[in-house]
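Notes for the one structure printed next.
The values are calculated or read from the model by the stated rules, or taken from the named source; none is laboratory data. Predicted, not measured: the structure shown is a model, and the values here were computed from it. When we count neighbours, we look across all protein chains shown, and the Cβ atoms used for this are built from the backbone with ideal geometry, even at glycine. Heavy atoms of the whole protein, side chains included, go into the accessibility calculation; ligands, DNA and RNA do not. Shrake-Rupley method; radii C 1.70, N 1.55, O 1.52, S 1.80 Å.
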Amino acid sequence: MYNLGAALEKARVRVGLVGTGYAAKFRVEALLRDEQSRSHLVAVVGHSPEKTESFAKEYQIEVLSSWQQLVEREDIDLVVICTINRDHGAIARAALTNGKHVIVEYPLSLDVIEAEELIALAKAQQKLLHVEHLELLGGLHQALKKNLAKIGEVFYVRYSTINPQNPAPRKWTYNHELFGFPLMGALSRLHRLTDLFGKVFTVNCHQRYWEIEPEYYQTCFCTSELSFDSGLLAQVVYGKGESIWRSERKFEVHGEKGGLIFDGDTGTFIQPGETTSIEVGPRRGLFAKDTSMVLDHLFDGTPLYVTPEESLYTLKVADAAQRAAQTGLTMFMKDI
């Protein structure tokens, strides 16, 4: 259990927020709805002054001019980072250096070495560093775990998430520098696999952008092939934007005794002569579940569902995929 000093005595952890978007809104509402009222929202920093003022007014918190100012505040115990991927590492480092606990949306950093340094810093400071991976808490992943043993030894997995958007939004998720390499920015696509199937042996990857300006792209398509130490072969497909014409969210797992097929929110168990539906829980309420687990961990020392080291390993796999895409070569994880 972490020592929060006066905040722990009052059963309130004082929270500063970086970001005002989708994730920030859900995180704030989860903190406010905590049944034990263990948090107090202090301040927020956002990119757009008007949006930040509106956000702060809605939740009755103070607006600060920069994240540097926020992490130095003595009346903040926990910094929640819900902003562009590029800045995750810098904000987390500053927050930890200033003695704050940290919640950060994946990825922890777009740089593997920086991510390693942040984990070491959190340990040295004896502060929480929680890299959120909501995909592990969702109905699809839980159904996968529950039914995986039914199909025996797994030999092939395909995971595809394709999102057509026409016109493509001119926002940070379509910006090379702000979002990062596709499988780093969308790290959950790989993290599902490493959580389920363990260590990766080799990584191949190919990716392409369609763009009319250097900073923002209109379409991104990325496909990666992983071989695991177990012998499992996996293919991950990620695409978004204007030049993609049909959406897909599909996870297929093929084993010696049967297969598990999840298409959207529908699950199916296939075996010789029989097909059975699988119940898939909802994707709603995951921020609340994650937030509650973080507060339980801070105040009661209960374990979290994911460690920063596990997220770091997947980040290394994503880094290998980026190197493979850049060089056209197969990357061996033992060399990473």
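If you count only protein heavy atoms with a 1.4 Å probe, what accessible area per residue comes out for the chain, rounded to a whole Å²?
47
Quick check on my link table: of K199/K316; K146/K250; K57/K171; K145/K250, which ones sit more than 20 Å apart, alpha carbon to alpha carbon?
Where the Cα-Cα span goes over 20 Å, the pairs concerned are K57/K171.
Can you run phi through the Karplus equation (6.51, -1.76, 1.60; θ = phi - 60°) for the stretch 307-317 and list ³J(HN,Hα) in whole Hz, with x for Gly and Pro?
Per-residue couplings from phi come out as 10, x, 5, 5, 5, 4, 4, 5, 4, 5, 5 Hz.
From the backbone phi of the stretch 89-103, what are the Karplus-calculated ³J(HN,Hα) couplings (6.51 cos²θ - 1.76 cosθ + 1.60, θ = phi - 60°) in whole Hz, Gly and Pro given as x?
Result, rounded to whole Hz: x, 5, 5, 4, 4, 5, 5, 5, 4, 8, x, 9, 6, 9, 10.
Compute the angle between helix 22-32 and the longest alpha-carbon principal axis of the chain, please, reported from 0 to 90 degrees and rounded to the nearest 10.
60
Viscosity 1.002 mPa s, temperature 20 °C: what is the translational diffusion coefficient of the stretch 248-336 from Stokes-Einstein with a Kirkwood Rh over Cα pairs, rounded to a whole number of µm²/s?
Result for D is 125 µm²/s.
According to the Cα gyration tensor, what semi-axes, each the square root of 5 times an eigenvalue, does the equivalent ellipsoid of the stretch 179-296 have, listed from largest to smallest in whole Å?
Value: 27, 21, 18 Å, ordered largest first.
How long is the gain from S243 to D296 if the chain were fully straight, where each residue apart is worth 0.36 nm and the alpha carbon distance is subtracted?
Gain on stretching S243 to D296: 14.6 nm.
Relative to the present Cα-Cα distance, how much length would full extension add between S277 and E74 at 0.36 nm per residue of separation?
Contour length minus Cα-Cα distance gives 67.8 nm.
The stretch 1-116: Rg/Rh from Cα coordinates, Kirkwood Rh?
We get a ratio of 0.95 for the stretch 1-116.
What does the charge dipole of the chain about its Cα centre add up to, to the nearest 20 debye, if the Cβ of each Lys and Arg holds +1 and the Cβ of each Asp and Glu holds -1?
400
To the nearest µm²/s, what D does Stokes-Einstein give for the stretch 232-294 at 37 °C and 0.692 mPa s, using the Kirkwood radius over alpha carbon pairs as Rh?
The diffusion coefficient I find is 224 µm²/s.
Can you pull a Stokes-Einstein diffusion coefficient for the stretch 115-272 at 37 °C (0.692 mPa s), Rh from Kirkwood over Cα pairs, as a whole number of µm²/s?
Here the translational diffusion coefficient equals 189 µm²/s.
Which FRET efficiency value, to the nearest 0.05, is calculated for N163 and R284 with the Förster distance at 30 angstrom and r the Cβ-Cβ distance?
0.95
Taking the inverse of the average 1/r across all pairs of different Cα atoms in the chain, what Kirkwood radius in Å do you get?
21.1
Relative to the present Cα-Cα distance, how much length would full extension add between L148 and K250 at 0.36 nm per residue of separation?
Full-extension gain reported as 35.1 nm.
Using only Cα atoms, tell me the angle between helix 112-125 and the longest principal axis of the chain; keep it within 0 to 90° and round to the nearest 10.
Between helix and principal axis, roughly 40 degrees.
Give the calculated FRET efficiency between Q60 and E211 to the nearest 0.05, with a Förster radius of 45 Å applied to their Cβ-Cβ distance.
Plugging the Cβ-Cβ distance into 1/(1 + (r/R0)^6) gives 0.60.
Give me the percent of accessible area attributable to carbon and sulfur for the chain, probe 1.4 angstrom.
Taking all protein chains in place, the chain shows 49 percent carbon and sulfur surface.
With springs only between Cα atoms under 10 Å apart, run a GNM on the chain and tell me which of T314, T20, T275 wobbles the most.
Greatest mean-square fluctuation among the candidates belongs to T275.
Quick check on the stretch 82-187: take the gyration tensor over C-alpha atoms, sort the square-rooted eigenvalues as a ≥ b ≥ c, and tell me if it's rounded (a/c under 1.5), prolate or oblate.
oblate
Return the long-range amide H neighbours of S39 (sequence gap of 5 or more, or a different chain), with a cut-off of under 5 Å between placed amide H atoms.
Excluding prolines and chain starts, which carry no amide H, the hits are V13.
Using a Gaussian network model of the chain with C-alpha springs under 10 Å, which one of R249, R170, R158 is most mobile by mean-square fluctuation?
R170
For W172, what accessible surface area do you get with a 1.4 Å probe? Give it in Å², rounded to 10.
80
Could you go through the stretch 142-157 in sequence order and give the Karplus-derived ³J(HN,Hα) for each residue, using 6.51 cos²θ - 1.76 cosθ + 1.60 with θ = phi - 60°, rounded to whole Hz, and x for Gly and Pro?
5, 5, 4, 4, 5, 9, 4, 5, 5, 9, x, 5, 8, 10, 8, 9
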